[in-house]
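As structure tokens, the structure follows; a few thoughts come after it.
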Amino acid sequence: MSEPNARRSVVIVEDHELTRVGLRTALDGAPGLHVVGEAPDGPSGLAVIADRHPDVAVIDLGLPGMDGIELTRRVRALSPATRILILTMHDLESEVLAALAAGADAYALKISPTETIVAAVRIAADGGAYFDPQIAGAVLRHFGTQQLTAPTDSPLTPRETDVLRLIADGRANTEIAEHLHIGLGTVKGHVRDILEKLAAGDRAQAAAIALRRRLIP
């Protein structure tokens, strides 16, 4: 991953050429971001990501050859440091939850304003977990209709709970540090401890576990 002030590398995997060109133009035109590769389908997208190891991969769910969920799983294995932003046409709960389980870090709708998608890429690159409000609503509705585990004593400290709540809100580490008036290194330490205590592979999974177990409101 890049240092906080470094230029962030991005790969775009999107089958619609006009959308792909629009994303490339927007991201290349944004300070601190640089598109280093693109692909029109899942297999070629995997090859580009495995070759470039970008900071962020922007992946469409509806890809030919290999869908975005399977591509996300494979990217997690081949380039674990790459953050993954999923683009979706609809806030379908099944797709969102499948992408979450596959290891995606951020979610945005294609109909979102360009500046929103650019902001989501920045948040993902900085270690945050961005959720489009409509997508976040779909996830919360799902959890609300499932049989949740009985509330148990949280393994987290009050400060770790504060950090996890902000992670679930899509805040990046720098934003969490500013909000809680603590150092960035302290935030990273809390995130590391949260992942270990919840046996979570990444921040998005930790947020999902916390919602299921009702560790955060």
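The values are calculated or read from the model by the stated rules, or taken from the named source; none is laboratory data. In this text the structure is predicted, and so the values were computed from the model without any measurement. Positions of Cβ are generated from backbone atoms using ideal geometry, with glycine treated the same way; all protein chains shown enter the neighbour counts.
Consider the range 11-68. How many of its residues are acidic (D, E) and in contact (Cβ under 8 Å) with a residue 40 or more places away in the chain?
4
Let's see how each residue does on (1) in the same structural domain as A172 (by TED's automatic domain parsing); (2) at pLDDT below 95; (3) within 26 Å of L195 (Cβ to Cβ):
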{"site": "S44", "(1), (2), (3)": "no, no, no"}
{"site": "V56", "(1), (2), (3)": "no, no, yes"}
{"site": "L61", "(1), (2), (3)": "no, yes, yes"}
{"site": "I69", "(1), (2), (3)": "no, yes, yes"}
{"site": "T72", "(1), (2), (3)": "no, yes, yes"}
{"site": "A104", "(1), (2), (3)": "no, yes, yes"}
{"site": "I111", "(1), (2), (3)": "no, yes, no"}
{"site": "E115", "(1), (2), (3)": "no, yes, no"}
{"site": "A125", "(1), (2), (3)": "no, yes, yes"}
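Does at least one position in the range 144-158 carry a residue that is more than 15 Å from Q205 (Cβ to Cβ), part of a helix (DSSP H, G or I), of a type outside the set (F, W, Y) and modelled with pLDDT under 85?
Yes: one or more hits.
Going through the range 187-217 one residue at a time, which ones are among the basic types (K, R), at pLDDT 75 or above and either surrounded by fewer than 20 Cβ atoms within 10 Å (Cβ to Cβ) or not assigned by TED's automatic domain parsing to the domain that holds N173 (or both)?
K188, R192, K197
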